[in-house]
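Trainee: I have a structure I would like to understand better, so I am pasting it below and will then ask my questions one at a time.
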Amino acid sequence: MYGMHDIVEMKKPHPCGTNRWEIIRMGADIKVQCTGCGHIIMISRRQFEKRLKKVLEKHAEN
């Protein structure tokens, strides 16, 4: 469904005005970075799945 370095859209936009996040760490917690201002947050996988709206771009694996 989603993986490392995918660009995702959350239900609520970030205060900087953008709604695009890049997944930079996965585990029990997921760390995402705002593509607009670079702010990083870490939330639990359960909260992330609840707040996730859709995956915008899948990361191309080589």
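Trainee: Find the cysteines in the chain that fail to meet the 4.7 Å Cβ criterion with every other cysteine, and list them.
Mentor: C34
Trainee: May I pose another question? Projected onto the charge dipole of the chain (+1 at Lys/Arg Cβ, -1 at Asp/Glu Cβ, origin at the Cα centre), which of N19, L56, I7 gives the Cα projection farthest towards the positive end?
Mentor: So the residue we want is N19.
Trainee: Looking at the P(r) of the chain, how many percent of alpha-carbon pairs lie beyond 16 Å? Mind showing how you got there, number by number?
Mentor: Numbers: 680 of 1891 pairs.
Above the 16 Å cut-off, the chain has 36 percent of its Cα pairs.
Trainee: Compute the relative contact order of the chain as a whole-number percentage, counting only Cα pairs closer than 8 Å that sit 6 or more residues apart in sequence.
Mentor: Values: 116 pairs, mean separation 24.3, N = 62.
Worked out over the chain, it gives 39 percent.
Laboratory data are not the source of any read-out in this text; all were calculated from the coordinates shown. Values in this document were obtained by computation on a predicted structure and should not be read as measured data. Glycine gets a Cβ as well: all are built from the backbone with ideal geometry, and neighbour counts include every protein chain shown.
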